[in-house]
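All remarks here apply to the structure that follows.
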């Protein structure tokens with residue numbers, strides 16, 4: 001049976017708007033297992049991005065507990081949060097957030113360089129990641145010279161280079177046409193399954209969500 005990577009217990013999150021408290025997530029329970037694809041679906045404003053931010057330790061739940069490999073993360077400090085994000089989690093967003101002055105391979109090396117890897121090793125690993133995603137011939141192109149789908153695959157390569165345990169993807173194909181969306185998704189999911197990485201992805205694309213191992217439905 002796959003190991004449990006993340007366990008959410010009674011997670012709640014709300015925001016204040018003036019004197020009004022607006023609940024976004026209420027008493028959510030979920031389990032994310034190793035090598036599984038979890039989709040998060042629901043209408044705009046239902047809390048999909050909020051949930052991903054809580055899981056990714058970018059935001060804090062009002063109540064409830066998050067366990068990462070059975071360790072409760074509720075009381076960890078800011079430095080510990082940063083280390084978990086750096087070493088264990090890869091992020092992919094709707095906007096690829098690539099550095100426009102950096103080539104594809106330079107963009108992908110950044111997480112490795114932040115870990116202290118030497119440049120040669122970082123470049124070799126970045127090339128491997130880009131090659132897996134079908135971009136070995138595009139490594140020296142700037143983002144402006146890549147298609148939208150290629151840019152998003154570079155962003156995925158950057159998310160996987162540190163060999164995370166989980167990838168958090170927030171509408172990663174939302175800006176792409178249907179065919180390009182399916183192509184990017186197939187590259188992502190093939191890598192996730194081959195490497196037994198967990199993927200939690202918020203999406204409006206129900207066709208992609210149906211391919212998940214489990215769905216979290218927000219209303």
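Each value in this text was obtained by applying a stated rule to the coordinates, not by laboratory testing. If you're wondering where the values come from, they're calculated on a predicted model, not measured in any experiment. Neighbour counts run over all protein chains shown; Cβ positions are idealised from the backbone, glycine included.
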Separation between Cα centres of the stretch 146-168 and the stretch 115-134, rounded to whole Å: 12
Given Cα pairs under 8 Å that are at least 6 residues apart, what percent is the relative contact order of the chain? 30
Sort largest first and round to whole Å: the equivalent ellipsoid semi-axes of the stretch 4-217, each the square root of five times a Cα gyration tensor eigenvalue. 29, 20, 16
Tilt relative to the chain, helix 119-132 - C-alpha long axis, 0 to 90 degrees, to 10: 80
Sorted by mean Cβ packing within 10 Å, highest first, what order do the peptides 54-66, 203-215, 153-165 take? 153-165, 54-66, 203-215
For a quick check: sort 34, 71 by the number of other beta carbons within 10 angstrom, fewest at the front. 71, 34
How do 108, 92 line up, fewest other C-beta atoms within 10 Å first? 92, 108
Sum of -39500 (n - 2.57) over DSSP H runs of 4+, divided by residues of the chain (222 nm, nearest 500): -11000 deg cm²/dmol
